Amino acid sequence: MLPNSKKTVISRRQAVALAAGVAAFMSEARVMAQTNPPELSRVEPIQVELDTNRRKTMSSNVSALLLRNLHDVFGEIDPVRRRAAIDEIFHEDAVFHEPNGIYRGRDEIDRIAGVIKASHPDFRYQLLSPPEVVGDGGRVRWVEGSPGKPPAVAGTDFIIARDGKITTVYLFFDKLP
């Protein structure tokens, strides 16, 4: 017995009544489980299907966000279309990390995307592989360069999404393939 604990004394009759009550409860629970298994067995496949659909939806959403970030934001020369895409796919307080700096919020992401695109307006992105998604994160490997010429830059974008919008982008420059 633990120190400072109180011992409760019950009579034999109370103990038997308590045991009978527990046995009746357990028996009723067992009967309920046996008489209702179709309901319980239907719930599990439905939950598995919902989870699978949720993962597929999140995966396709993250893939779409990766591609839109690449083409509609950093690949877009028109500032009005670029800003519209940023407002659609980025959280208001999103953060973009790249080797030369960190940019916080849609306005800063818009500004730096414009600066980057203006430095090589004819460059086009090409995927090296389809987007890869794990949970709410994903990555896409790409090269970019002028049409008809060898790629000039290679990189990988990593994103984290929440509620169907990008919260964070990490850009890594890679060696050209």
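Structure above, values below:
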{"item": "Contacts under 9 angstrom Cβ, first residue in segment 72-85 being free of Cβ contacts under 8 Å to residues at least 24 places away in the same chain and assigned to a helix (DSSP H, G or I), partner among the small types (Gly, Ala, Ser) and surrounded by 17 or more Cβ atoms within 10 Å (Cβ to Cβ), 6 or more apart", "result": "ASP72/ALA85"}
{"item": "Selection within segment 93-112 - touching a Lys or Arg at 6+ places or on another chain (Cβ under 6 Å) and either exposed (fewer than 13 other Cβ atoms within 10 Å of the Cβ) or among the acidic types (Asp, Glu) (or both)", "result": "ASP110"}
{"item": "Which numbered condition TYR103 misses (of (1) assigned to a strand (DSSP E or B); (2) within 17 Å of LEU67 (Cβ to Cβ))", "result": "(2)"}
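Residue by residue, here is whether (1) within 30 Å of VAL153 (Cα to Cα); (2) buried (at least 16 other Cβ atoms within 10 Å of the Cβ); (3) modelled with pLDDT of 95 or more; (4) β-branched (Val, Ile, Thr) holds:
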site	(1), (2), (3), (4)
GLU39	no, no, no, no
PRO45	no, no, no, no
LEU50	no, no, no, no
LYS56	no, no, no, no
LEU65	yes, yes, yes, no
PHE74	yes, yes, yes, no
ARG83	yes, yes, yes, no
GLU88	yes, no, yes, no
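The values are calculated or read from the model by the stated rules, or taken from the named source; none is laboratory data. Please read these numbers as outputs of a predicted model, since none were measured by experiment. Neighbour counts run over all protein chains shown; Cβ positions are idealised from the backbone, glycine included.
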